[in-house]
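These notes concern the structure reproduced below.
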Amino acid sequence: MTGPISHYATPVAEDTIRLERDLPGPIERVWAYLTESDKRATWLAAGPMELHQGGKAELTWFNSRLSGQNEPPPEKHRNAEGHSIKGKVLACDPPHLLRFTWGGDSGESVVTFELSKQNEGVKLVITHSRLANRGARLGVSGGWHAHLDILDDILSGKPPRAFWSNHARLETEYEKRL
């Protein structure tokens with residue numbers, strides 16, 4: 001397996017996984033990459049997000065475009081490009097906390113971003129809860145990991161790695177880990 005062990009998602013409950021990353025700061029810049037559609041689109045998904053409790057959130061993915069390599073999705077994810085979900089903001093405390101619902105094929109789950117200053121950097125903790133089954137836990141673990149790798153690349157001033165090939169490698173690793 002590659003990458004620091006701390007970068008991997010860990011189960012914290014039967015229906016919940018958590019990932020932690022130390023990212024280059026400042027915290028306001030990381031917050032912007034979580035909440036502003038144009039910045040979020042560079043590493044995760046574009047879409048409007050109303051940053052207040054009860055606000056609407058919508059995310060639309062174009063993972064093939066994230067690295068600039070225009071890498072096509074594998075066959076099993078061929079319908080992922082342009083896929084959207086809608087959710088609702090449950091909590092927002094800039095620049096430290098964002099929680100929203102995440103509509104999905106296996107029901108509505110909840111994503112929480114927690115940011116804290118750490119020396120010159122930022123600790124980002126993502127908790128994804130109410131995951132319906134092992135398949136959902138595997139999918140979001142590999143997905144968040146691959147997306148966070150790209151966010152780390154961007155914030156570090158590196159060219160973003162190819163999403164789909166990294167995601168495929170991570171899916172295999174998470175199949176063994178979880």
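Which strands (runs of 3 or more DSSP E) does region 58-123 wholly contain that include 1 or more residues that are in contact (Cβ under 8 Å) with a residue 60 or more places away in the chain and surrounded by 17 or more Cβ atoms within 10 Å (Cβ to Cβ)?
Answer list for region 58-123: 97-102, 109-118.
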Options Pro72, Pro48, Pro94: the member that is farther than 15 Å from Ile17 by Cα, modelled with pLDDT under 95 and of a type outside the set (A, V, I, L, M, F, W, C): Pro72
Unique match (being outside any loop (DSSP other than H, G, I, E, B), of a type in the set (Val, Ile, Thr), over 22 Å from Glu50 (Cα atoms) and at pLDDT 95 or above) among Ile150, Ile126: Ile150
Any hit, region 67-82, residues being of a type in the set (A, V, I, L, M) and closer than 22 Å to Ala32 by Cβ: no
Some residue of region 80-88 being of a type outside the set (Phe, Trp, Tyr), out of contact with any Lys or Arg (no Cβ under 8 Å at 6 or more places or on another chain) and over 21 Å from Thr42 (Cβ atoms): no
Subset of region 119-166 that is among the basic types (Lys, Arg) and more than 22 Å from Ser64 (Cβ to Cβ) - its residue that is farthest from the chain's Cα centre (by Cα): Arg134
Within region 140-159, tally of residues that are surrounded by fewer than 19 Cβ atoms within 10 Å (Cβ to Cβ), farther than 16 Å from Trp31 by Cβ and of a type outside the set (Ser, Thr, Tyr): 4
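The values are calculated or read from the model by the stated rules, or taken from the named source; none is laboratory data. Just so it is clear, the model here is predicted, and its values are computed rather than measured. Backbone-built Cβ (ideal geometry, glycine too); neighbour counts: all protein chains shown.
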